[in-house]
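Participant: Here it is: the structure, laid out below.
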Amino acid sequence: MIPGERIGRFQVLSELGAGGMGRLLRARDPRLGREVAIKLVAERLAQSPEHLARFEREARAASALNHPNIVTIYEIGEHEGFPFLAMELVDGESLRSVLSEEERPVGRVVALAAELAEGLAAAHEAGIVHRDLKPENIMVTRRGGVKILDFGLAKLVSRPLEAEHTTAEAEIATRSGSVVGTVGYMSPEQARGLGVDHRSDQFAFGTILYEMLTGERPFRGATPLDTLSAILHHEPEDPSRRNPRIPGALGAIVRRCLAKAPEARWATTRELARALAAVRDEVDRSGGGRAAPVFGRLRSGRGRAAALAAAVLLLAGARGSSGCSGIGPPRERRGRPPPPCAASPSSPSAT
């Protein structure tokens with residue numbers, strides 16, 4: 001696309017990125033006088049009914065949600081035979097990028113987690129399960145807020161907050177080890193191809209929170225199948241033992257989210273959000289994190305191209321690989337640089 005060209009009523013300003021799933025453009029809506037992000041499906045995928053169905057699922061699921069912690073979908077349309085989404089342009093960076101920062105006060109982590117839980121609770125109350133929650137699908141804005149994006153694997157449940165009894169779409173392809181979703185953040189029932197509900201997202205949430213607190217995912221393996229085996233059979237080390245700065249109540253929340261059996265997790269994600277809000281308020285009262293450096297200080301010079309780094313990664317089919325461990329406590333990282341994140345041209349992610 002050339003700057004100045006139009007996609008529907010939107011005027012293209014620049015390209016934010018491209019990948020296996022398509023292109024991401026920055027554009028202007030002249031009618032409302034605001035900038036938006038345009039997600040344009042790749043030509044090879046425009047002929048695929050499966051990918052077009054996923055694209056439409058993302059649009060329908062996300063457009064049904066109206067919450068400050070969920071990226072807003074403005075419009076779905078078609079340009080020269082290619083479907084596109086017009087969505088909120090977020091000024092910030094992905095949680096994966098933020099995890100590479102050295103400083104990580106517990107108070108800030110809890111604040112981010114509480115916002116993430118609020119957005120997730122709103123989706124679940126609308127009967128929508130994300131099914132692919134991971135750091136690449138979470139944006140941290142420059143004001144410190146949280147936005148959930150990419151509901152492309154979302155599936156409307158028959159009734160809000162109740163489990164599906166049909167076979168999940170998350171089926172393991174045993175020949176390639178690939179799955180629909182991201183192995184490192186997948187719940188045990190999703191890994192088995194069983195019915196999924198809001199509690200599967202809670203498991204992924206617990207995995208993300210564990211990584212935010214300790215710098216490593218709770219379940220890792222040399223291969224995707226090894227990681228799945230760890231999810232199904234291994235118990236992770238208590239995060240409070242990994243990082244003594246973690247309040248006991250927060251460690252208990254993580255452990256409950258990571259319970260193998262769905263019924264051992266939270267009956268509703270709203271209860272989870274309330275529990276996190278209580279921990280956040282207690283940490284605030286005790287002064288935890290107030291004097292510490294701000295978590296995830298955003299690096300300068302990135303501009304709006306980095307603002308949708310998470311979405312670009314998703315378009316490229318980025319992996320939440322076992323080799324990308326994020327950050328650990330400062331004393332553990334001294335003299336040891338973080339491993340690079342690996343991206344895969346295939347979609348969806350496999351590790």
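Participant: 5 Å is the cut-off here: which amide hydrogens, built 1.01 Å from N in the peptide plane, fall below it relative to residue 146, excluding neighbours closer than 5 in sequence?
Facilitator: 141
Participant: When we measure straight from the Cα of residue 147, which lysines land under 24 angstrom away, once same-chain ones fewer than 8 places off are left out?
Facilitator: List returned: 39, 134, 155.
Participant: Let me ask something additional. Collect residues whose amide H, placed 1.01 Å from N in the peptide plane, falls under 5 Å from the amide H of residue 74; neighbours closer than 5 in sequence don't count.
Facilitator: 86, 87, 88
Participant: If you don't mind, another one. Rank these by accessible area, largest first, 1.4 Å probe: 225, 133. Show your work: numbers first, answer last.
Facilitator: Values: 225 90, 133 5 Å².
Most to least solvent-accessible, the answer reads 225, 133.
Participant: Over 20 Å apart: what share of the alpha carbon pairs of segment 58-164 falls there, rounded to a whole percent? Could you put the intermediate results ahead of the total?
Facilitator: Numbers: 2391 of 5671 pairs.
Pairs farther apart than 20 Å: 42 percent.
Participant: Rounded to whole Å and sorted largest first, list the principal axis extents of the Cα atoms in segment 106-156.
Facilitator: Dimensions of segment 106-156 along the principal axes of its Cα atoms: 33, 20, 16 Å.
The values are calculated or read from the model by the stated rules, or taken from the named source; none is laboratory data. Note that this is a predicted model, so its numbers are computed, not measured. These area figures cover heavy atoms from the full protein model, side chains too; ligands, DNA and RNA do not enter into them. Shrake-Rupley method; radii C 1.70, N 1.55, O 1.52, S 1.80 Å.
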